[in-house]
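Notes for the one structure printed next.
The values are calculated or read from the model by the stated rules, or taken from the named source; none is laboratory data. Computed from a predicted structure; not experimentally measured. Cβ placement follows ideal geometry from the backbone for every residue including glycine, while neighbour counts extend to all protein chains displayed. Ligands, DNA and RNA are stripped out before the accessible areas are found, and what is left, the full protein with its side chains, is counted by its heavy atoms. Shrake-Rupley method; radii C 1.70, N 1.55, O 1.52, S 1.80 Å.
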Amino acid sequence: QVQLVESGGGLVQPGGSLRLSCAASGSIFSIYTMGWYRQAPGKQRELVAAITSGGSTNYADFVKGRFTISRDNAKNTVYLQMNSLKPEDTAVYYCNAALTLRGSLFTNDYWGQGTQVTVSS
């Protein structure tokens, strides 16, 4: 019923930039918070950044000043601009959306399939 499709991952050198995108589609009534999480090998999934429908943002300390989250509500799309990338940013990045389906009274979390980001020289 709902798909979150991520794009924009890849291989980049330290200090470089990447922009991730995630588009939500399906029978969506309303999307509340959208965010990006990441999971490195052997580690737990962790929040990177999140943004509400009103534009309020929240960032993990380890990306403050380097990453910027934004969204286009008309396109049900969230973006993550990643600058000054470090090798420790290497992980699979997952898109998350808290949304309500058409005809539903409940809000649930949905996840994308993940996109690999590798920072290496």
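Mind checking which of A98, A50, A74 has the largest fluctuation in a GNM of the chain, springs on alpha carbons under 10 Å?
Top of the fluctuation ranking is A74.
What figure in square angstrom, to the nearest 10, would you give for the accessible area of E88 with a 1.4 Å probe?
For E88, the solvent-accessible surface is approximately 120 Å².
Of all accessible surface on the chain at a 1.4 Å probe, what whole percent is carbon and sulfur?
Carbon-and-sulfur percentage of accessible area, whole number: 47.
With each label point set 7 Å from Cα along the Cα-Cβ vector, what nm distance links T118 and S25?
The answer from the label model is 2.8 nm.
Each residue of region 101-117 in turn: what ³J(HN,Hα) in whole Hz from Karplus with 6.51, -1.76, 1.60 and θ = phi - 60°, glycine and Pro shown as x?
Per-residue couplings from phi come out as 7, 4, x, 9, 9, 10, 9, 10, 8, 10, 10, x, 7, x, 9, 7, 10 Hz.
Could you tell me the extents of the chain's C-alpha atoms along the three principal axes, largest first, rounded to whole Å?
49, 25, 23
Using label points projected 7 Å from each Cα along Cα→Cβ, tell me how many nm separate Q81 and L11, to one decimal.
Once both label points are built, they end up 2.7 nm from each other.
How big is the equivalent ellipsoid of region 1-57 along its three axes, where each semi-axis is √(5λ) from the Cα gyration tensor, reported in whole Å from largest to smallest?
On the way: eigenvalues 114, 40, 36 Å².
Result for region 1-57: semi-axes of 24, 14, 13 Å.
So with the 1.4 Å probe, I'd like the accessible area per residue for region 9-121, rounded to whole Å².
Details: 5930 Å² over 113 residues.
Ligands and nucleic acids excluded, the result is 52 Å² per residue.
Read phi for every residue in region 3-8 and hand back ³J(HN,Hα) as whole Hz from Karplus 6.51 cos²θ - 1.76 cosθ + 1.60, θ = phi - 60°, with x for Gly and Pro.
Karplus-based 3J(HN,Hα) across region 3-8 equals 10, 10, 10, 9, 7, x Hz.
Quickly rank 16-23, 55-62, 106-113, 27-34 as a protection proxy: mean count of other C-beta atoms within 10 Å, highest first.
Values: 16-23: 18.0, 55-62: 12.0, 106-113: 13.6, 27-34: 16.2.
The densest-packed peptide leads the list: 16-23, 27-34, 106-113, 55-62.
Taking a virtual spin label 7 Å from the Cα of S56 along the C-beta vector, which residues in region 1-43 bring their backbone nitrogen under 18 Å of it?
Residues 31-36 qualify, since their backbone N sits under 18 Å from the label point.
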